[in-house]
Amino acid sequence: MSFRVLYITRSALLAQQAALDITSGNIANVNTPGYTRRRPVLVPIVPQPGAQGTGVLLLRIQEFRARYLEQQLRNTTARHAAAESDERVLQRITAILGEPATGDTGVAALLEKFLDALRDAAYNPADLSRRQLLLQRAEAFAQALNRIGQDLEQLRQELLGQAQQQLDALNPLLQRLAELNIRRASSPEGSETAIALADEQARLLDTLARQLPITTTQDERGMITVSLAGHVLVSGGSALRLELRQQLDDASGERSAQVWLIAESGTPIASVPLEQGELGSLLHHYNVTLDGQERTTGFSLVRELNGWVAELVERINAVLAQGYGLEDTGPTPPGRALFQGTTLQTVRLAADVAADARALPLSAAPGQPDDGTIAWRLLDELQQPVLSGGRTARGAYSAIVTQLGTLQAQVQERRQWLQMSQQQLEAQRQALEGVNLDEEALNLIRYQKAFEAAARVASVAASLLDTLIRMGS
Amino acid sequence: MRVSWAYRFDAATAALERLQTQLLQHQQRLATGQRLQQLGDDPAALARVLRMDELIAQTQRQRDTLALLQQELQALQLHTEGLSDALAEIAVLLQEALDAKNLDKPALIAERLHQRLEDLVARANAEFAGHYLFAGTQHEAPFRLQRTTATAENPSGLQVTFAGNLQERTAQPTAGGSEALSIRADELFGQGGTELFGLVVAAYNLLAYRADGSQRPPEESLSAQEREQLQQLIPQLLAFRQRIDRVTARTAERQSRWQVLAEQLEQYLTQLRAFRSADADADLVQVALELQKGQTALQALLQTLSRVLTQSLFDML
């Protein structure tokens, strides 16, 4: 009688127990982000020549990782995160503009009120109360533009702050990826440690992909190389640092922000253009959408609004420069303006006119207080398509709002499409990597029963041994 | 397809989010009556709505301007009719002075004529909404009746002066179209805006003063020459009345033309509002149905989730 049965049973008990551990680990981490399910790989122990029966061995732990999907998923994540961020920023912008406006709110409504007051003053230009009302409406219009300009600039600075915060959070993450590379290389393939490290790598890369459009490669030792726009960010045990730097163009006054790669020595390597990822979106809106000095052909809301304000102010002032105020008697018009400043933030009432409503130049000739020719002319001009692009004063503003609406619609559509795409990819990834509780319950029963059977075999073996011992005695 | 435990919940969360977002949109549309809640909801419709808003605001302003100007035209018509009546009364008064029954009353009639002159000047200073209707582009009472130094030609020294100007006050009721709003004083009252008043003063002088410039005593009759002179003044005054009547008729014609324009604008506004409504307003019946559909879908989803998500093999073990 051989005692191999006890060795075989022992190996079975150990193997089934390990399998139960792995299953319970799967169940415990069913909701852990980035956790990939594991399976025990059991193999028979090759017996000695002439030996009967064989034990079982837990050869390794099998991990389920959809590597072919991960890069695709991260690309989609970067684009989806950018679209989500675009959508949030555009919603903030439309809230600042108060569009779509209802009732008496919004820039367009204030412009209309100004035109109504202009009509009333044109009809009765000698009436001081109507002149005063016209000034109040003009001031309300200018103040609304100032508020929008300030709020948009505040939002721009807020976006820069967010970008800085996110970048600050990314540097430790890159460092951690480099550390994981070292640990992963020294962990035996198929071990729980190697799989856990791979899970953490994947989780960090997923987080990174939300911010930056990264590409990754993995070598046979499990070390990940992370690249960004053709530059290697993480390789082996070393990682570059990311830094947000602002650049001022002296000629145009344009201030832009870029992400720079910084070597461990502190030497700047290159700036990287970011088109995707949340960080890319934030910097795009800082550098383009909300930059009044933007020179590229991209849609810059502030530049468009500033251009509209400048053209509007120029038109209004050009007409009023031909007019005379109530007290003007000279042969030539005094050339007074209604507004000064040519941007959202700087436009305001001209000081001399603001101080004295009688100075408003509404008449075409001196000493004719009831002549509102200039006011009528201005009213007509502001309702005619005289601004660039053949637009009226309000039409030009509407065109900007429509452009913003089109952009918002495109972003919404892109975000929804990418969200769907991301969900499909995530479903495929989860189909392979995710834990299924029913499956694990079955495995639990499977390994439990095997364990119980092995224990029963051990009990039988013990009984046999007992019989043998009694025979000997 | 293998479905992981976590993905069942992720998918359920995504489905819930989608349905709840749609429900919120429907609720907002029902609550506000607006189809376009965000700029990105329908950019093409948004562009049309913004254009309609601009056209509606412009047309409303034109309509309101026209209403304002029409009121002024009505006032103008009323006052020119009053001027015409006043002139008719003066002509009747002069006719009375020539009547055989009144040969001994020139001084008395002169006194009444003076009152008529004052009335005429007051009517010529008519104002509406802060404007003197016949002052041109000046902003003060244009006509003043004053007594200057007596001369052989004007023994009473009465004189009506014109402090306004002969500029036209213009307005632009429609885009690009400038219209003269005021009536020039010389159109109504002759050269320099005072010719008519000169005729009335001349008639007053004839009745109140003798040829030598002395004041006519009560009950002294007019001489044959004076009667002849007075007789000649009447058709001249009536010619002015005709001139004023022509202005009144022209004003009425403008009023009628503007009335047609106002009606056209009102009709246009109704059409613009209808166009705008088609894009901007929510179809409440449709939205209510969509909301109902969404609520049903949400209920079904919640019921499904409550059954499916709670089932696991562990419950059977």
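The values are calculated or read from the model by the stated rules, or taken from the named source; none is laboratory data. What you are looking at is a predicted structure, and each value in this text was computed from that prediction instead of being measured. Here the Cβ is made from the backbone with ideal geometry for all residues, glycine too, and neighbour counts use every protein chain on show. Only protein heavy atoms, including side chains, enter the accessible area calculation; ligands, DNA and RNA are left aside. Shrake-Rupley method; radii C 1.70, N 1.55, O 1.52, S 1.80 Å.
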**Study point:** Inter-part distance where segment B:174-195 and segment B:196-263 are each reduced to a Cα centre, Å
**Key:** 20 Å
Study note, to complete from the structure: Expressed to one decimal in nm², the mean projection of the alpha carbon convex hull of the protein assembly as shown is 51.7 nm²
Study note, to complete from the structure: Expressed as a whole-number percentage, the relative contact order of segment B:53-273 with C-alpha contacts under 8 angstrom and at least six residues apart is 29 percent
Study note, to complete from the structure: Residue span A:Gln424 to A:Gln410: 0.36 nm per residue of separation minus Cα-Cα distance leaves a gain in nm of 2.9 nm
Check your understanding: Roughly how many whole Å is it from the C-alpha centroid of segment A:399-447 to that of segment A:142-158?
Key -> 36 Å
Check your understanding: Can you tell me the accessible area per residue over segment A:302-395, all protein chains present, probe 1.4 angstrom, in square angstrom?
Key -> 38 Å²
Review point. Which value, in debye to the nearest 20, describes the size of the charge dipole of the protein assembly as shown about its Cα centre when Lys and Arg Cβ atoms bear +1, Asp and Glu Cβ atoms bear -1, and nothing else is charged?
Key: 3560 debye
Practice item. Place +1 on the Cβ of every Lys and Arg and -1 on the Cβ of every Asp and Glu in the protein assembly as shown, take the dipole about the Cα centre, and give the residue among A:Val272, A:Gln408, B:Thr65 whose Cα lies farthest towards its positive end. Key: A:Val272
Study note, to complete from the structure: Helix A:393-433: inclination vs chain A longest Cα principal axis, degrees, rounded to 10, gives 0 degrees
Review point. Hey, any idea what % of the protein assembly as shown's accessible area is carbon plus sulfur with a 1.4 Å probe?
Key: 52 percent
Check your understanding: Kirkwood hydrodynamic radius for segment B:53-273: how many Å is it when counted over pairs of different Cα atoms?
Key -> 19.3 Å
Practice item. Please name which of A:Ile8, A:Ile61, A:Gln384 has its Cα lying farthest along the dipole of chain A towards the positive end, using unit charges on Cβ (Lys, Arg +1; Asp, Glu -1) and the Cα centre as origin. Key: A:Ile8
Exercise for review: Return the whole-Å distance between the Cα centroid of segment B:274-304 and the Cα centroid of segment A:297-334.
Suggested key: 47 Å
Study note, to complete from the structure: Once accessible area is computed for A alone, B alone and the pair with a 1.4 Å probe, the total buried surface, to the nearest 100 Å², works out to 4500 Å²
Check your understanding: Which angle between 0 and 90 degrees, to the nearest 10, do you get for helix A:67-97 versus the longest principal axis of chain A when only C-alpha atoms count?
Key -> 30 degrees
Study note, to complete from the structure: In degrees rounded to 10, the 0-90 angle between helix A:107-123 Cα long axis and the longest Cα principal axis of chain A is 10 degrees
Study note, to complete from the structure: With the full set of protein chains present, the residues of segment A:416-437 whose 1.4 Å probe accessible area falls by 30 Å² or more relative to the chain alone are A:Gln423, A:Ala427, A:Gln430, A:Ala431, A:Asn436, A:Leu437
Check your understanding: Share of Cα-Cα pairs in segment A:110-192 beyond 16 Å, in percent?
Key -> 72 percent
Exercise for review: Treat every Asp and Glu Cβ in chain A as -1 and every Lys and Arg Cβ as +1, leave all other atoms uncharged, and give the resulting dipole magnitude about the Cα centre to the nearest 20 debye.
Suggested key: 2040 debye
